[in-house]
Amino acid sequence: MFSVFTSVLVFSGLFFLVVGTIGLIRFPDVYTRIHATTKCDTLGAALVILALMLNSGSWQDNIKLLLMVVFIWITNPTAAHLISKAAYKRKINMALGSIYIDKRREN
């Protein structure tokens, strides 16, 4: 039963990692690509590392793996934000058909 749960976590994590990679390849512009990879890679990596934590033999290894998850949860969204901010400042256009609503100018 324990190995079945671990296998489900690993394959779920791999599913999200593959979906994020497909989104990176298929989506039309930098903003949608960042969204796909950040969300899927963060969740996919966390699920795989959680499976590793369940199979780990020592609590020291579990603490290291938990620190890896926390580091990924902090760095992935931060890096995505900085990349999208740099793309916005360089005036990289969104894909055709995308709608941009400037909330600051609605008032």
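Summary of values
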read-out	value
Search result, residues across the range 20-33 that are open to solvent by less than 60 Å² (accessible area, probe 1.4 Å) and of a type outside the set (D, E, K, R)	Gly20, Gly23, Val30, Tyr31, Thr32
Subset of the range 62-85 [more than 16 Å from the chain's Cα centre (by Cα) and either farther than 19 Å from Val48 by Cβ or open to solvent by 50 Å² or more (accessible area, probe 1.4 Å) (or both)]	Ile63, Lys64, Leu66, Leu67, Lys85
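Table: residues versus (1) over 29 Å from Phe2 (Cα atoms); (2) in a helix (DSSP H, G or I); (3) open to solvent by 90 Å² or more (accessible area, probe 1.4 Å).
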{"position": "Phe16", "(1), (2), (3)": "no, yes, no"}
{"position": "His35", "(1), (2), (3)": "yes, yes, yes"}
{"position": "Ala51", "(1), (2), (3)": "no, yes, no"}
{"position": "Gly57", "(1), (2), (3)": "no, no, no"}
{"position": "Ala87", "(1), (2), (3)": "yes, yes, no"}
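The values are calculated or read from the model by the stated rules, or taken from the named source; none is laboratory data. From a predicted model like this one, the values you see are computed outputs, not experimental measurements. FYI the Cβ positions are ideal-geometry reconstructions off the backbone, even for glycines, and counts take in every protein chain you see. Protein only, heavy atoms only, side chains kept; ligands, DNA and RNA dropped before computing areas. Shrake-Rupley method; radii C 1.70, N 1.55, O 1.52, S 1.80 Å.
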